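Structure first, commentary second.
The values are calculated or read from the model by the stated rules, or taken from the named source; none is laboratory data. These figures come from a predicted structure and were not determined experimentally. Cβ placement follows ideal geometry from the backbone for every residue including glycine, while neighbour counts extend to all protein chains displayed. Calculation scope for accessible area: heavy atoms of the full protein, side chains included, ligands and nucleic acids excluded. Shrake-Rupley method; radii C 1.70, N 1.55, O 1.52, S 1.80 Å.
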Amino acid sequence: MRSPMLAELAALDPARELRAPGSADDDALAEILAQPRVAPAGERRPARRPRRAATVAGAAAAVAVAVVVTTVTIDSPAAYASWVPVPVDVDEAEAAQRSEPCGGTVTEIVEGPDGPDVQEVAVAPVLTDLRGDYTYVVVAGEDAYGECFVTADGDGGEPQVVTSSAVVPELPAPGARELTTRADGTATWSEVDGTEGALTSAFGQAGDEVAAVELTLTSGERVEATVSEGWWAVWAPGGSALGTTAEVTYADGTTAQVPVG
């Protein structure tokens, strides 16, 4: 049974006489189909092709950026590119081979009866620090010490060797928990033409209870020193690259901040 309300609502339907699906001679249907098929203003959907084009353009831009970065990297190689913050372990045989170009003597100028005289003082390697293609060696003898930097030649030729040394009246041994510095700073030879750029080194003596030495670069990166036979040494690319404080770890596991320099 149909309710009076539904009957009234049906009477208000303007298409109540229209029957689906309609026919070609239906005047009401013909009038509807004759209306222009244009979406009302403000309701037009955006086309999807521009979005795809934007994606392609973005990809092209990414490729262009990648090419620029690669070009800059190739044209601007980093100084001492194979350097690493942690030295590579070497056995005695390899250490002896790598330190061989440094020689076994350092020179001392003494005042003789006939004027200044150059004398040779025997030294031997006490520490070999290997980082990438570079070998840093500390040599020491009776009241004498020195450092030696060896760069492997990329073409298989002779290695490039730079040395500096000092002969002192006395070279006292440090206390068991002491860390002394014999030299530190930017190597003057590394700032001339023909080198890979400036480098900073530091080395000295370490007491028997010193197990490890670690410094922080001015860039914030931490770098581990080599400790061997009562000596320690570290180097890094760049002028004034090393901080002025080292963290020393002792054999009992305790640590301390020690000034360097």
- Item | Share of alpha-carbon pairs per 10 Å distance bin for the stretch 191-261, given as whole % | 20, 50, 23, 6, 1
- Query: What is the set of long-range amide H partners of Ala241 at a cut-off below 5 Å, with H atoms built 1.01 Å from backbone N?
  - Reply: Thr200
- Item | Within-13-Å neighbourhood charge of Asp89 [Cβ basis; K, R +1; D, E -1] | -3
- Once phi for every residue in the stretch 228-238 is put through the Karplus expression 6.51 cos²θ - 1.76 cosθ + 1.60 (θ = phi - 60°), the whole-Hz ³J(HN,Hα) values, with Gly and Pro written as x, are 7, 6, x, 10, 9, 7, 7, 8, 8, x, x
- Report the convex hull volume per residue for the stretch 102-254, counting only C-alpha atoms, in Å³. 133 Å³
- Message: I want to check the label-to-label distance for Ala79 and Glu100. Put each point 7 Å from Cα in the C-beta direction and report it in nm to one decimal.
- Response: 3.1 nm
- Task: Go through the stretch 94-100 residue by residue and turn each phi into a ³J(HN,Hα) via Karplus (6.51, -1.76, 1.60, θ = phi - 60°); whole Hz please, and just put x for glycine and proline.
- Result: 5, 4, 5, 5, 6, 8, 4
- Note on the structure: Given backbone amide H placed at 1.01 Å from N, residues whose amide H is under 5 Å from that of Val123, ignoring those fewer than 5 places away on the same chain, are Thr105, Val106
- Where does the charge balance sit around Arg131 when Lys and Arg score +1, Asp and Glu -1, over other residues with C-beta under 12 Å from its C-beta? -3
- Message: Out of the total accessible area of the stretch 179-253 (probe 1.4 Å, heavy atoms of protein only), what percent is carbon and sulfur?
- Response: 42 percent
- Item | Residue-span extension gain [Thr186 to Ser164] - 0.36 nm each, minus C-alpha spacing | 6.6 nm
- Descending principal axes extents, the stretch 154-244, alpha-carbon based, whole Å: 43, 34, 24
- What does the charge count near Pro259 come to, summing +1 for each Lys or Arg and -1 for each Asp or Glu among other residues with Cβ under 15 Å from its Cβ? -2
- Note on the structure: Taking a crude spin-label model, label points 7 Å out from Cα along the C-beta direction, the Ala152 to Val88 distance in nm is 0.5 nm
- Query: In what sequence, highest mean first, do 88-99, 213-224 appear when ranked by Cβ atoms within 10 angstrom?
  - Reply: 213-224, 88-99
- Task: Sort 227-236, 163-172 for me by packing, meaning the mean count of neighbouring Cβ atoms within 10 Å per residue, highest on top.
- Result: 227-236, 163-172
- Item | Inter-centroid distance (Cα atoms) of the stretch 180-240 relative to the stretch 109-124, Å | 29 Å
